[in-house]
Amino acid sequence: MPSAASAVPARPSAPPSAPQSAPRPRLAIFGDSHYACVRLAHGRGLVSLDGWEVEYWGHVGKRFRHLGYRDGAIVPLDDFTAERFAKFNERGRRCLPVADFDAVLFVGCRLYVTHLLFMAAQARADGDFLSTGLMERLVRDTFATSVTWGFARRFAEAGRARILFSPPSLPTAGLPHGWEATFPDVAAARDEDRARLWDCLVRLAAVDGVTFLPQPDHTVAGGAMTHPDYGVENHLLTGDMEHKNPAYGSAVLIAALAVLAQRDGP
Amino acid sequence: MSHPYESLPADRFWRTAVAERSPFEISGLWTPKFEIGKRSRIVTAGSCFAQHFSRALVVRGYKWLDCEPGPRALTPEQRRDYHYGTFSFRTGNIYTPRMLRQWLEWAFGGSEPPPEVWEVDGRFFDPFRPAVEPGGFVSPDELSASRAVTLAAIRAAVQKANVLVFTLGLTESWQSRATGHEYAICPGTAAGRFDPEVHQFFNHDHRTLMQDMSVALRILFRANRGLRVLLTVSPVPLTATASGRHVLLASSHSKALLRVVAGQLAQDHAAVDYFPSYEIITHPAFRGMFFAPNMRSVTQTGVDFVMANFFRDQSAAHPQPVRAPVAARETEGGPATDETEAEIRCEEEILNAFSR
């Protein structure tokens, strides 16, 4: 049976920049629009990834619907999608085989966890009780219904590469987040709510062999939002509460590198 | 008038009220003491069969109070699995009058729940509602915090309600030898570990049932002087008996006692009524047609027939503008409306797993 990688051949790519004698570990950063801040942080030198041979593979979120998994690789389900992803990859990759990497960092990738924190905050405001067991169920259901989480889990199952997952950040404070009707009291969130959710996500992600990267604490404001300092440029004007700036991207990269340094690091 | 029977209406005579009628034409079984209308705030508790009431009420646009709806935005499956929206508060099934009394005493300050918890593989289960948290709590403290929310919900439900519908289910129970507290289900079945030195079987008799219900009613009416209580008896036979008798006889014994207690309380208290769902399902006049082939589960047709009687008799006694049933919908804070019997949460069912 042909591998996914051979089924969707890569375009001719540039030779690796590292010397042949000392190959650097290979890091794939896979993401949707949320990974732009990471790429910018890297490009602007806010964080050094010199110890790694880095490749980006991603696209805006809509195309994620056209991705599948085959033979150890995330594969586009059609040529158009393959072209789109290849366009933004340094090597023109039309698919992402985990075997080509020592670590894969998923960024954004449509794994939405904000509402879980909002639920915890609202439950506190309502006088409800959100047990650890129920929170675990919410997390498990969130993982189970996320296609990209499935990719991460299967990459981890493949056993060779370290898999990290940084989900979309919390909404930027000061802008409507779209959940106001359901969760009018997210301001009730406390640091302990967030810590409890992160702990649950980290624990259950580990069961799947994936290292979950909680949003760095210093980027959070008001318990359940991202501090405006990390909002994308002109976010107040554009109303973009989702995307973040390179400073946030560097925080994600620093967190990822810290984890990678613990094992398999350069 | 030469004797009292001469002027009685047709429904007082077996021939005209039952024998000459199709079972579906038997009517007027209930003359409601008080109105339960669209504006009545209704809370439900009790054994599995009580869940049918909340569902039927919600579907028809009645005000069923869910005082412990759980965190917002749970999916219907998550709500169901964690017993939110099953009853008006998250106690799970309350099978016996003693359990009702216990919950009310804990909620209204008569006594404190004992510190007993059941530990299974590092998780902790509430002996008085072991099924509400499928994987257990992470600590006894978390268990207590969750129970405190339920006790607050019981207080709110009783204080806000116009009507409490309580379905009596069982007389057989398991208790702590040390404290006399009654468990929701036999230790060692759904959770916990059975220890004959610690746990004892207790089959309530008429005296203890009346005693417990009387105390429960006193607490209820003290908390809410305007409250009305509608009692029903679950028509669902016992899953299993520890009485030493055949399960059919044990069922008969239990249900007869509960039926007598419900009837007597309705006679004794102006604010207590009895709705005969038990008779509608189990009486030979209805030929057992509302039971599933296992002769235990009540079919949806049976449930619908019971509830149709409920609304018709209410309407006859207290006419209201007629409104067609609204489509079942899953509302936040409303009960699960999947009307299959399998969806009814019945912890007692766990005993089936032990049958040989």
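Going highest first, how would you order A:141-153, B:86-98, A:178-190 by mean Cβ packing within 10 Å? The partial results should precede the final answer.
On the way: A:141-153: 18.8, B:86-98: 27.7, A:178-190: 16.5.
Top to bottom by mean Cβ count within 10 Å: B:86-98, A:141-153, A:178-190.
Considering the alpha-carbon set of region A:158-261 alone, what are its Rg and its Dmax in angstrom?
That works out to 14.8, 45 Å for Rg and Dmax.
How big is the Cα convex hull of chain A in projection, averaged over all directions, in nm²?
Values: hull surface 58.3 nm².
The number I arrive at for chain A is 14.6 nm².
Scanning chain A for helices, which whole DSSP H stretches are 20 Å or more long along the axis (Cα) and average -1.0 or more by Kyte-Doolittle?
Values: long enough: A:191-207 (24 Å, -0.04); A:246-262 (24 Å, 1.62).
Span-like helices, by this rule, are A:191-207, A:246-262.
Please determine, in degrees from 0 to 90 and to the nearest 10, the orientation of helix B:140-160 with respect to the longest principal axis defined by the Cα atoms of chain B, where the helix direction is its Cα long axis.
30
How do B:Ser27, B:Ser146 rank when sorted from fewest to most other Cβ atoms within 10 Å of their own Cβ?
Working: B:Ser27 13, B:Ser146 24.
Taking fewest neighbouring Cβ atoms as first place, the list is B:Ser27, B:Ser146.
How high is the relative contact order of chain B? Use alpha-carbon pairs under 8 Å, at least six apart in sequence, and give a whole percent.
On the way: 588 pairs, mean separation 83.0, N = 356.
RCO, chain B: 23 percent.
Which whole number gives the average count of other chain Cβ atoms within 10 Å of the Cβ atoms across peptide A:119-129? Working shown, then result.
Numbers: counts 5, 1, 1, 3, 5, 1, 1, 4, 5, 9, 13.
Mean inter-chain Cβ contacts per residue within 10 Å come to 4.
Could you tally the net charge around A:Thr148, taking each other residue with its Cβ under 13 Å from the Cβ of A:Thr148, Lys/Arg +1 and Asp/Glu -1?
Working: positive: A:Arg63, A:Arg65, A:Arg110, A:Arg153, A:Arg154; negative: A:Asp32, A:Asp208.
Computed value for this residue: +3.
Restricted to Cα positions, what overall size does region B:137-293 have along the principal axes? Three whole-Å values, descending.
Largest first, region B:137-293 extends 51, 42, 30 Å along its Cα principal axes.
Evaluate region B:202-314: find the radius of gyration of its Cα atoms, find its Kirkwood radius, and give the ratio Rg to Rh. Write out the running numbers ahead of the final one.
Working: Rg = 15.5 Å, Rh = 15.5 Å.
Ratio of gyration radius to Kirkwood radius for region B:202-314: 1.00.
Taking the alpha-carbon distance from B:Lys255 and a cut-off under 30 Å, which lysines remain once sequence neighbours fewer than 8 residues away in the same chain are dropped?
Straight-line reach from B:Lys255, under 30 Å: B:Lys33, B:Lys63.
Please figure out what share of the DSSP beta bridges in chain B is antiparallel and state it in percent, rounded to the nearest 5.
Numbers: 11 of 27 bridges.
About 40 percent, rounded to the nearest 5.
Regarding region B:78-229, what is the average projected area of its C-alpha convex hull, in nm²?
On the way: hull surface 35.2 nm².
Seen from a random direction, the Cα hull of region B:78-229 projects 8.8 nm² on average.
Cα centroids of region A:167-222 and region B:82-99: how far apart, whole angstrom?
Centre-to-centre (Cα) distance: 33 Å.
Calculate the translational D of region B:13-94 in whole µm² s⁻¹ from Stokes-Einstein, where the hydrodynamic radius comes from the Kirkwood formula applied to all Cα pairs, the temperature is 10 °C and the viscosity 1.306 mPa s.
Once the numbers are plugged in, D ends up at 105 µm²/s.
Please give the per residue volume of the convex hull enclosing the alpha carbon atoms of chain B, rounded to a whole number of Å³.
Details: hull volume 54.9 nm³, N = 356.
Taking the convex hull of the Cα positions in chain B, it is 154 Å³ per residue.
How much net charge surrounds A:Pro168 when only other residues with a Cβ under 10 Å from its Cβ are counted (Lys, Arg +1; Asp, Glu -1)?
On the way: positive: A:Arg110, A:Lys244; negative: A:Asp32, A:Glu242.
After counting each charged neighbour, the total is 0.
When the convex hull of the C-alpha atoms of the protein assembly as shown is computed, what volume per residue in Å³ does it have?
On the way: hull volume 131.9 nm³, N = 622.
Hull volume normalised by residue count: 212 Å³.
How many percent of DSSP beta bridges within region A:23-260 run antiparallel, rounded to 5? Don't jump to the answer; show the numbers that get you there.
Details: 9 of 28 bridges.
Roughly 30 percent of the DSSP beta bridges within region A:23-260 come out antiparallel.
Give me the mean projected area, in nm² to one decimal, of the convex hull enclosing the Cα positions of region B:1-146.
Values: hull surface 57.3 nm².
Value for region B:1-146: 14.3 nm².
Using Cα centres only, tell me the gap between region B:1-73 and region B:100-141 in whole Å.
33
What fraction of the DSSP beta bridges in the protein assembly as shown is antiparallel, stated in percent and rounded to the nearest 5? Kindly include the intermediate steps, with their values, before the conclusion.
On the way: 20 of 55 bridges.
Bridges in the protein assembly as shown that DSSP calls antiparallel: roughly 35 percent.
Specify the angular offset, from 0 to 90 degrees and rounded to the nearest 10, of the alpha carbon long axis of helix B:206-223 from the longest principal axis of the alpha carbons in chain B.
It is inclined by approximately 90 degrees.
Just to confirm the number: angle between the C-alpha axis of helix B:300-317 and the first principal axis of chain B, 0 to 90 degrees, nearest 10?
60
Excluding B:Arg98 itself, what net charge comes from residues whose Cβ is under 13 Å from its Cβ, given Lys and Arg +1 and Asp and Glu -1? Could the numbers behind the result be given before it?
Details: positive: B:Arg101, B:Arg207; negative: B:Glu105, B:Glu172, B:Glu182, B:Asp205, B:Asp212.
Around B:Arg98, the charge tally is -3.
For a protection proxy built on the mean count of beta-carbon atoms within 10 angstrom, sort B:271-279, A:162-170 highest first, please. Kindly include the intermediate steps, with their values, before the conclusion.
Numbers: B:271-279: 22.4, A:162-170: 25.9.
Per-residue Cβ counts within 10 Å, averaged per peptide and sorted highest first, yield A:162-170, B:271-279.
Since every read-out is calculated from the coordinates, none of them should be taken as a lab result. Since this is a predicted model, take the numbers as computed values, not measurements. Methodologically, a virtual Cβ is constructed for each residue, glycine included, from the backbone with ideal geometry; neighbour enumeration extends over all protein chains shown.
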